[in-house]
Amino acid sequence: MQHPAGNDMDPTFYRSPADAIGAPPEQLAYVVAFDRAAQRPDALTVLDTDPGSAGYGRVVGWADLPTRGDELHHFGWNACSSAFAHAGHHTDGLRRRYLLLPGLRSSNIHVYDTYPDPRQPALVRTITAAELADKAGYSRPHTLHCGPDGIFVSCLGGGHADGPGGIALLDHDTFDVLRAWETDRGPQYLAYDAWWHLNQNTLITSEWGTPSMIEDGINPELLLGRKYGHALHFWDLAAGKHVQTVDLGAQYQMVLELRPAHDPDATWGFVGVVVSTEDLSASVWRWSLQDGTWRADKVITIPAEPADPPTLPPALQPFGAVPPLVTDINLSVDDRFLYVSCWGIGELKQYDVSDPAHPRETGSVRLGGITGRVAHPAAPAERLAGGPQMVEVSRDGKRIYLTNSLYGSWDDQFFPDSVGSWFAKIDTDPAAGGGLRIDEKFFPHGEDFRGLRVHQVRLQGGDSSSDSYCYRT
């Protein structure tokens, strides 16, 4: 795999969060879309995000995968701003050019080149499930980040067994699978997300479940038995060795998205918890380093909302309530605003986290929801299914993008009459203290995606959840 010639640094690599915030806004968004029935190929779609363009808010590019049944989920760039700290990669023409698309069900990873035409990504490589299993011992690739020794790919399953899950390391240039990243995993078994504090030589991982625990929807027996993940793990990044486990408590089931502070000198971040078995509430926790030891404290609790059982899907009728189901969170590049997706109740919440130990809610919008089915202003007659799920924030913190699908089998469990497909944009003004406003001109949905469901978003030039920085200023 060849990178563009020349020694100039990619202009979308930013030395500091402030540089990223001051960069030009994104013109395009990349969104993965999948066919739940696995009868058609999944796709990498391209959306126009330029308000001055005639194509604003519309699908302007499309690339079908060569396979079926992948179920595209999370995906990411081959490189990011942390390349400034990667030995041998800061002057060799490395670019934020390739998008790696893991198939959560197939275990294939498809690599697409966004050059020379960013609206027409081209397939350049497929990393097969067999290569991932044989060389790293893992399956079900989930989340990826460009890191110091290669591309880190968190995986939910073992290569030839249900678990343990962990991290596969890919070559920066060729995308060959190198090995399992861990040298000593300690007690870690369940996997989900992985992120880091580069300057502190610390990697953090979270927990969901093995493939058998998640692929057919939430298993009530496992949930009530508190068998899903409920811990954070802290690692020596350079050595690949497990250092510490922080158990949030077995009642806090499914510890998912990790959002470390963008300030490279910070030693804190946020993680979302899907549900508490005690009261169906969801929560957000803040981890921090104190006196050399990592700890986690619950800083946000979002209660379940009562509902008439007949209005609920069968899985929730015995409880007579709608759980918020926090399935994604995102932290603005300036570390000031935290966004929390409450997929179950159909709400996106905005919190001012200038004091990260004491978040303060500053905005909220509702779209979809298990019982609410709140419509978008652009289509007021359509009762929306799904809800704010994957949330992505622009580098300058002024635009928030939302998709509505969680995971195929889980969609079907909570929205048995169809989850649909939609992609929304929310505006905010950080300088004015926040607050959320739905962009009525931006709402691709339904057949705009040819009937496929949409999941994660990546923004051209980088975004708040895919970059880590090496310098404060």
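The values are calculated or read from the model by the stated rules, or taken from the named source; none is laboratory data. Since the structure is predicted, the reported quantities are computational estimates derived from the model, not experimental observations. Counting neighbours? That spans all protein chains shown, and the Cβs are built from the backbone with ideal geometry, glycine included.
With respect to TRP294, is the statement that it is closer than 25 Å to TYR471 by Cα, in contact (Cβ under 8 Å) with a residue 24 or more places away in the chain and over 19 Å from the mean Cα position of the chain (by Cα) true? Considered against the rule, which asks whether it is closer than 25 Å to TYR471 by Cα, in contact (Cβ under 8 Å) with a residue 24 or more places away in the chain and over 19 Å from the mean Cα position of the chain (by Cα), TRP294 comes out as yes. Every condition in (1) within 18 Å of ASP297 (Cβ to Cβ); (2) surrounded by fewer than 17 Cβ atoms within 10 Å (Cβ to Cβ); (3) touching a residue at least 24 places away in the same chain (Cβ under 8 Å); (4) among the small types (Gly, Ala, Ser) is met by SER206 except one, and the failing one is (2). Taking the conditions (1) under 16 Å from SER288 (Cα atoms); (2) touching a helix residue (DSSP H, G or I) at 6+ places or on another chain (Cβ under 8 Å); (3) among the basic types (Lys, Arg) in turn, LYS227 satisfies each one other than (1). Considering each residue of segment 147-160 in turn, none proves to be at pLDDT 95 or above, farther than 26 Å from GLY186 by Cα and of a type in the set (Gly, Ala, Ser).
State whether one or more residues within segment 401-409 are surrounded by fewer than 24 Cβ atoms within 10 Å (Cβ to Cβ) and without any contact (Cβ under 8 Å) to a residue 24 or more places away in the chain.
Restricting attention to segment 401-409, the residues satisfying the condition of being surrounded by fewer than 24 Cβ atoms within 10 Å (Cβ to Cβ) are 407-409.
Still in the running and without any contact (Cβ under 8 Å) to a residue 24 or more places away in the chain: none.
So far as segment 401-409 goes, no, none of its residues is surrounded by fewer than 24 Cβ atoms within 10 Å (Cβ to Cβ) and without any contact (Cβ under 8 Å) to a residue 24 or more places away in the chain.
Within segment 359-404, the set of residues being among the basic types (Lys, Arg) and under 22 Å from the mean Cα position of the chain (by Cα) comprises ARG366, ARG395, LYS398, ARG399.
Only residues that are touching a Ser or Thr at 6+ places or on another chain (Cβ under 7 Å), assigned to a loop (DSSP other than H, G, I, E, B) and of a type in the set (Gly, Ala, Ser) were counted in segment 243-289, giving 1.
Scanning segment 148-189 for residues that are buried (at least 24 other Cβ atoms within 10 Å of the Cβ) and in contact with a Ser or Thr (Cβ under 7 Å, 6 or more places away or on another chain) yields SER154, CYS155, LEU156, GLY157, GLY165, ILE167. Inclusion of ALA231 among residues that are crowded, with 18+ Cβ neighbours inside 10 Å and over 21 Å from the mean Cα position of the chain (by Cα) is not warranted.
Here is a check on your reading of the model: is THR45 assigned to a loop (DSSP other than H, G, I, E, B), of a type in the set (Val, Ile, Thr) and either more than 18 Å from SER468 (Cβ to Cβ) or in contact (Cβ under 8 Å) with a residue 24 or more places away in the chain (or both)? Outline the logic, then answer.
Details: assigned to a loop (DSSP other than H, G, I, E, B): no; of a type in the set (Val, Ile, Thr): yes; either more than 18 Å from SER468 (Cβ to Cβ) or in contact (Cβ under 8 Å) with a residue 24 or more places away in the chain (or both): yes.
The answer is no for THR45.
SER341 - would you say it is of a type outside the set (Lys, Arg) and under 22 Å from the mean Cα position of the chain (by Cα)?
Numbers: of a type outside the set (Lys, Arg): yes; under 22 Å from the mean Cα position of the chain (by Cα): yes.
Criteria met by SER341.
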